[in-house]
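The values are calculated or read from the model by the stated rules, or taken from the named source; none is laboratory data. Quick caveat, the model's predicted, so the values are computed rather than measured. Cβ sites come from the backbone with ideal geometry, for glycine too, and all protein chains shown count toward neighbours.
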Amino acid sequence: MKNIAVIGAGTMGNGIAHVFAQNGYKVNLIDISEESLVHGLATITRNLDRMIAKEKISTSDKENTLQNISTYTALSTGASYVDLVVEAASEQLDLKLKIFKELDTLCTASTILATNTSSISITQIAAATKRPEKVIGMHFMNPVPIMKLVEIIRGYNTSDETTRTIMELSEKLGKTPTEVNDYPGFVANRILMPMINEAIEALYNGVAGVKEIDTVMKLGMAHPMGPLQLADFIGLDVCLSILNVMYGGFKNPKYAPCPLLVNMVMAKKLGIKSGEGFYDYSETKKAENISPQFK
């Protein structure tokens, strides 16, 4: 397995492409937007430069990594002759079903189809194909080049061989693969998202302010980042999407997203990606070590 296609050049997609390419794999990075591909490659380049500055890699390692990446704007040219596809498109069920249905017709019979979904059913995605035994979840953590964990999610029909192949591949990337079963939110987000949602509820109900809530969790629970700052880092739209999937899957009110989160997403206050969420990430506030939006 040496030829990999990664669909989506956003935060997760370019990170996944970076890790594969740095470990010697030939990567086809695919996105419908040429602008997104340019931005994705720029992000990979910046991250490689940071690694050089920290003396983790050499200049030649950077050059080899970038040479391993080719970019495409069409699935038909980028995904046809690869050993593995890792889909990292937006967390939208209809979009993922469309992509996997198309991949099933484009890719060779031996190609494994993986999704980086953080909450959507692998079994449901696999049902869009005629190779459900070769469909699997490969949930990387952000930032991908740094975080060691990869959640490996088996769909109802995912074969032992496919699971074993992806577990071994993840180890070759220097990651720690952990196998979980196919339930909404899997393990990581089933535990993380209710905590973030409860932190938002505490803010919504006036229990404490943003900095106070995050300080309690950082100093009291030894979390490296408070839940509200982490929500900004993940993206509030992503948090809302995951909570909606979990609420829809379990029909349990404890997964219902807080109204404050819903309103912030509707107002396009999405966190770091939009420059404003629970904290202000504008240039004028960076020097002040990030200012909270809510007191």
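Screening P257 on (1) crowded, with 17+ Cβ neighbours inside 10 Å; (2) not in a loop (DSSP other than H, G, I, E, B) shows it passes everything except condition (2). Entry remark, the stretch 169-192: residues being touching an Asp or Glu at 6+ places or on another chain (Cβ under 7 Å) and hydroxyl-bearing (S, T, Y) number 1 in total.
Based on what the data block shows, is N252 without any contact (Cβ under 8 Å) to a residue 12 or more places away in the chain and surrounded by fewer than 22 Cβ atoms within 10 Å (Cβ to Cβ)?
yes
Kindly indicate which of M264, M217, M193 is modelled with pLDDT of 95 or more and in contact with a His (Cβ under 6 Å, 6 or more places away or on another chain). Only one candidate passes the filter, namely M217. Of all the listed residues (T178, T158), the sole one being under 25 Å from A127 (Cα atoms), in contact (Cβ under 8 Å) with a residue 24 or more places away in the chain and part of a loop (DSSP other than H, G, I, E, B) is T158. Taking the stretch 94-105 as the search range and keeping residues that are touching a strand residue (DSSP E or B) at 6+ places or on another chain (Cβ under 9 Å) and not basic (K, R), which one is surrounded by the fewest Cβ atoms within 10 Å (Cβ to Cβ)? This residue is D104. Within the stretch 115-155, the set of residues being surrounded by 17 or more Cβ atoms within 10 Å (Cβ to Cβ) and in contact (Cβ under 8 Å) with a residue 60 or more places away in the chain comprises N116, S118, S119, I120, S121, I122, F140, V144, P145.
Among the residues making up the stretch 66-77, those that are touching a helix residue (DSSP H, G or I) at 6+ places or on another chain (Cβ under 9 Å) and in contact (Cβ under 8 Å) with a residue 40 or more places away in the chain are L66, N68, I69, S70, T71, Y72, T73, L75. In contact with a strand residue (DSSP E or B) (Cβ under 7 Å, 6 or more places away or on another chain) and within 17 Å of I4 (Cα to Cα): does that describe I125? No; evaluated as a whole, the condition is false for this residue.
In this entry, L66 passes the filter for residues that are outside the structural domain of A231 (by TED's automatic domain parsing), part of a helix (DSSP H, G or I) and more than 26 Å from L192 (Cβ to Cβ). All told, I166 falls short of being among the β-branched types (V, I, T) and outside the structural domain of L84 (by TED's automatic domain parsing).
Summed over the stretch 17-63, residues that are among the polar types (S, T, N, Q), in a helix (DSSP H, G or I) and in contact (Cβ under 8 Å) with a residue 12 or more places away in the chain total 5. State yes or no: is E91 part of a loop (DSSP other than H, G, I, E, B) and either surrounded by 18 or more Cβ atoms within 10 Å (Cβ to Cβ) or over 19 Å from the mean Cα position of the chain (by Cα) (or both)? Here the answer is yes, as E91 does meet what is asked. Determine whether I30 is touching a strand residue (DSSP E or B) at 6+ places or on another chain (Cβ under 8 Å), aliphatic (A, V, I, L, M) and closer than 28 Å to T165 by Cβ. The answer is yes for I30.
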